[in-house]
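Report on one structure; see the data block that follows.
The values are calculated or read from the model by the stated rules, or taken from the named source; none is laboratory data. Quantities reported herein were computed from a predicted structural model and do not represent experimental measurements. FYI the Cβ positions are ideal-geometry reconstructions off the backbone, even for glycines, and counts take in every protein chain you see.
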Amino acid sequence: MIGQLTKAERQYALLILLGIGLCGLILGIASKDDPLGIHGALIGIAALAGVFKVISIYYDPEPDDERLTRYYDDPTKFGIILAMIWAVFGLFIGDWVAWLLVKPDFTFDAGWASFGRLRPVHTTSVLFGFGGNALIATSYYVLQRTSRARLPDQLSPWFVLLGYNLFCVLAVTGYMMGITQSKEYAEPEWYADIWLLVVWVVYFAIYLRTLARRKEPHIYVANWYYMAFILVIAILHIVNNLAVPVSFGSAKSYSLFSGVQDAMTEWWYGHNAVAFFLTAGFLGMMYYFVPVRAGRPIYSYRMSIISFWGITFFYMWAGSHHLHYTALPQWVQTLGMTFSLMLLIPSWASAANALLTLNGAWDKVRDDATLRFMMVAAVFYGITTFEGSFLAIRSVNSLSHYTDWTVGHVHAGALGWVAMITFGSIYTIVPWLWKRDRMYSPRLVEVHFWLALAGAVVYVFAMWNSGIIQGLMWRTYNESGTLAYSFVDSLIAMRPYYIARAIGGLLFLIGGIVGAYNIWMTIKTESKVLPESGADAPEPVLGGEAVLQPGE
Amino acid sequence: MFGLHYRLERKAIGLTLGIILVASIGGLVEIAPLFTIHQTVEDAPDMRVYTPLELAGRNVYIREGCYACHSQMVRTLRDEVERYGPYSLAVESKYDHPMLWGSKRTGPDLARIGGKYSDEWHVAHLNNPRDVLSVSVMPAYSWLLKTTLRTDDLGAHLKAQRAVGVPYTDDMIANASKDAYGQAAPDSPYADGVTQRYGKATNVRAFDGKPGELTEMDALVAYLQVLGRLTDAAHKSGANATR
Amino acid sequence: MDLGHGTLVWFSKSFGLFYLIALSIITAAYAYWPSNKKVFDHAAKSVLRNEDEPWR
């Protein structure tokens, strides 16, 4: 995989790995008997494994300059594999915790296996592990094709991909040991946050350096979305994770903000993680893979520009709708609600743009499950954004907030939109990357599609039902003017829906396993190898200027 | 003008700056004033800080992810006030770094749980919720009773809390470990220091029923019993008071 | 920089709504400016040219 590194890059890789290993060692020593020590050791082991890997290829012959006439897809390939591993793991944990709400004693009497610790393992694994790896992998691919330029060097893409996965592993293992900031979707502690920031800066630098060498004067709109994803996530990550560690040897830190300011900052982050991680990033994916797979240009390029600025501007105001009727000042709640409603316009423009692109290619949608994945994703995107605006209305929110309706809404977005567009894109990209003429089994893609759709629908319907019933039971009064139901009554009423939800999740998990198997077999099975197409190559550099400076 | 705009967009840096500018406006307008407007957080002169034991219990609460299923925010809605108690004020989480308002009620809200049940009830419930309530879906936290609470670093915890704005005194920081022990051992010589530093109303008792040992159960129950009781402000304020 | 409530209220009351409208007009004008049409059409088709062949 890393055989294409030049001599200089191999040396830099060793230096970086030694630096990381040293950081791990220092954390391990400073931590004494804090759980941080385990993470120090984990970082050290990861760095050491990397060192061995680089040494094992260190004396291999250097790649020749012929490589510069091709795109650099090795990190993309590895990223796709990692994304599928995280998908299966994250979906499994998700279904496991769903069953925990049915059979709460499945915890082996151990802290790491209890619901409260495994829930963030699930959310981080699917959102950041699966979603993040898919975004990084596809962004490398799209960036190179739309710029007609090769990635600027071969080391930094690996640094970003593997560094990001180190962050995910630190996060997930941390929760099981009880290391958490408790900020939803930003649970990793201070040292993991600092590490992610380093990785993220390098990630954006790759983008700028590749764009600087692009042939097309215009930057294709997919890249706008990917760039907004990287940039805004950086801003959100920095502000929301400001904290003071207890000591250098302690994993624990205390958030800089407290109470109402902390709540607003957290949901400004939380909602915009949805906006710029789960929406902008995957819209970037959509604006590239839908036209390419359908073989038709995007319906309205101009509409995509307008929705881009609409989404970038409006979303940042919407976070406060998570705090209706709380101690947050009402003017902030009202602003959040207003902008959440306006957000529907750019959101539906994007969904319509995708669906109208398919207009005239419906025969392909019927025959090709991969394209159907993307079509259904756009439909779910439209439904979920409508539901999101609806739930942001104060009076609706008073019923839905704190209930399973929110969980259903999130999963309509995560299963229906994020996962479906990703699976569609992965099924598109895998045969191209590994030079196969098609997936190992188109039938299994079909099976995966129906499992995923059935799973998502069962899940979402179960949560709509339980959420609305819950919300109504909590506010129902009897004739004498007292509350009609105790909290326990509502808990008992939830049970059938919790079982249905766990079954829906199981279907989706099985679909994910089928997909992972299909992708694995596509990679393993030599099918008819496509002739190396001369067209899929970066623009040759004129004037003999070296494309790649050693160690760049 | 549009020629300029076009050139700007062609430059990746221009696009970058445009995204940052457009995206920043919303956050700035909504978050920045929360820090400068005085009315955002009410005044409550009787508001006290968490004792070291309660803070340690809060950290157990965070560690176990209790916030994933329990909110600590009673909204200004009639049914919530009648079910849980007076609606929450901003001042009540003034010293909560981070806040634990939560977003989901798989279990009930806990903002007003302090003093509602006995220590014994909490210990039995945490040890195995189904001993108390057969239909509960909460995990059992039986290891809390067996795990000794770590107290040697509590001084450092208080110091970090002070760094982010919680008014712990040097005296409180210096005696953090002793106070944690004393609060759960009413007959020990350390017990007096707790009420002296944190006020007469502080709960000082063997929360887990075992005065000699300081367990994580002590800390968590101490924390749960003080929820909603750091200040009286919520019971006195506007609509809550007339109720 | 004093970014307090007062400053922001002053800003939003100084035709805040019109600033937002202006922003959307600029975006819309940019997107629909006739001379940009060629660029955008070209960009929309760019992903379909010189690419990997579809797998079938």
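Before moving on, here are some points about what is shown:
- Test: residue in the range A:260-269 that is in contact with a Lys or Arg (Cβ under 7 Å, 6 or more places away or on another chain) and farther than 24 Å from C:LEU20 by Cβ: yes
- Where helices (runs of 4 or more DSSP H) fall wholly inside the range A:300-405, the ranges with 3 or more residues that are of a type in the set (D, E, K, R) are A:362-367.
- Filter result for B:ALA191 (closer than 18 Å to B:LYS210 by Cβ, at pLDDT below 95, in contact with a Pro (Cβ under 8 Å, 6 or more places away or on another chain) and more than 9 Å from chain A (Cβ to nearest Cβ)): no
- Among the residues of this structure, A:LEU444 does not count as one that is surrounded by fewer than 24 Cβ atoms within 10 Å (Cβ to Cβ), touching a Gly at 6+ places or on another chain (Cβ under 9 Å), more than 14 Å from every other protein chain (Cβ to nearest Cβ) and within 21 Å of A:ALA352 (Cα to Cα).
- Which numbered condition A:PHE248 misses (of (1) surrounded by fewer than 23 Cβ atoms within 10 Å (Cβ to Cβ); (2) part of a loop (DSSP other than H, G, I, E, B); (3) of a type outside the set (Lys, Arg); (4) at the interface with chain B (Cβ under 8 Å from one of its Cβ atoms)): (4)
- Taking the criterion of being assigned to a helix (DSSP H, G or I) and surrounded by fewer than 18 Cβ atoms within 10 Å (Cβ to Cβ), the residues of the range A:1-15 that qualify are A:LYS7, A:ALA8, A:GLN11, A:LEU14, A:LEU15.
Rundown of residues vs (1) under 19 Å from A:ASN241 (Cα atoms); (2) crowded, with 23+ Cβ neighbours inside 10 Å, yes/no style:
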| position | (1), (2) |
| --- | --- |
| B:LEU17 | no, no |
| B:LEU21 | no, no |
| B:VAL49 | no, no |
| B:PRO52 | no, yes |
| B:LEU55 | no, yes |
| B:SER71 | no, yes |
| B:GLY85 | no, no |
| B:VAL91 | no, no |
| B:HIS97 | yes, yes |
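- For the range B:63-75, the count of residues that are of a type in the set (S, T, N, Q) and touching a strand residue (DSSP E or B) at 6+ places or on another chain (Cβ under 7 Å) is nonzero.
- Yes/no for B:SER118 being surrounded by 16 or more Cβ atoms within 10 Å (Cβ to Cβ) and hydroxyl-bearing (Ser, Thr, Tyr): no
Conditions (1) within 21 Å of the chain's Cα centre (by Cα); (2) of a type outside the set (Ser, Thr, Tyr); (3) surrounded by fewer than 23 Cβ atoms within 10 Å (Cβ to Cβ), marked per residue:
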residue	(1), (2), (3)
A:PRO152	no, yes, yes
A:VAL160	yes, yes, no
A:ALA171	yes, yes, no
A:GLY178	no, yes, yes
A:TRP190	yes, yes, yes
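- Listed by position, the helices (runs of 4 or more DSSP H) contained in the range B:162-243 that have at least 3 residues being under 16 Å from the mean Cα position of the chain (by Cα) and closer than 21 Å to B:ARG150 by Cβ are B:216-226.
- Meets criteria (in contact with a Pro (Cβ under 6 Å, 6 or more places away or on another chain) and surrounded by fewer than 21 Cβ atoms within 10 Å (Cβ to Cβ)) for A:THR107: yes
- A:ALA222 vs. criteria surrounded by 24 or more Cβ atoms within 10 Å (Cβ to Cβ) and within 11 Å of chain B (Cβ to nearest Cβ): no
- Annotation: B:ALA185 fulfils all but one of (1) out of contact with any Lys or Arg (no Cβ under 8 Å at 6 or more places or on another chain); (2) at pLDDT 95 or above; the unmet one is (2).
- Any hit, the range A:116-123, residues being under 15 Å from A:GLY505 (Cα atoms), in contact (Cβ under 8 Å) with a residue 40 or more places away in the chain and touching a Leu at 6+ places or on another chain (Cβ under 7 Å): no
- The residue that is surrounded by the fewest Cβ atoms within 10 Å (Cβ to Cβ), counting only those in the range B:29-46 that are part of a helix (DSSP H, G or I) and facing chain A (nearest Cβ under 9 Å), is B:GLN39.
- Residue list for the range A:251-290, restricted to those being of a type in the set (A, V, I, L, M) and assigned to a helix (DSSP H, G or I): A:VAL260, A:ALA263, A:MET264, A:ALA273, A:VAL274, A:ALA275, A:LEU278, A:ALA280, A:LEU283, A:MET285, A:MET286, A:VAL290
- Within the range A:198-217, the set of residues being within 11 Å of chain B (Cβ to nearest Cβ) and crowded, with 20+ Cβ neighbours inside 10 Å comprises A:TYR207, A:THR210, A:LEU211, A:ARG214.
- Of all residue pairs spaced 6 or more apart or on separate chains, those with beta-carbon atoms under 7 Å, a first member in the range B:148-165 that is at the interface with another protein chain (Cβ under 9 Å from one of its Cβ atoms) and a second member that is buried (at least 21 other Cβ atoms within 10 Å of the Cβ) and part of a helix (DSSP H, G or I) are B:HIS157/B:LEU55.
- Residue tally, condition surrounded by fewer than 16 Cβ atoms within 10 Å (Cβ to Cβ) and either closer than 20 Å to B:LEU133 by Cβ or at pLDDT 95 or above (or both), over the range A:478-492: 5
- Condition met for B:GLY107 (of a type in the set (Gly, Ala, Ser), at pLDDT below 95 and more than 12 Å from the chain's Cα centre (by Cα)): no
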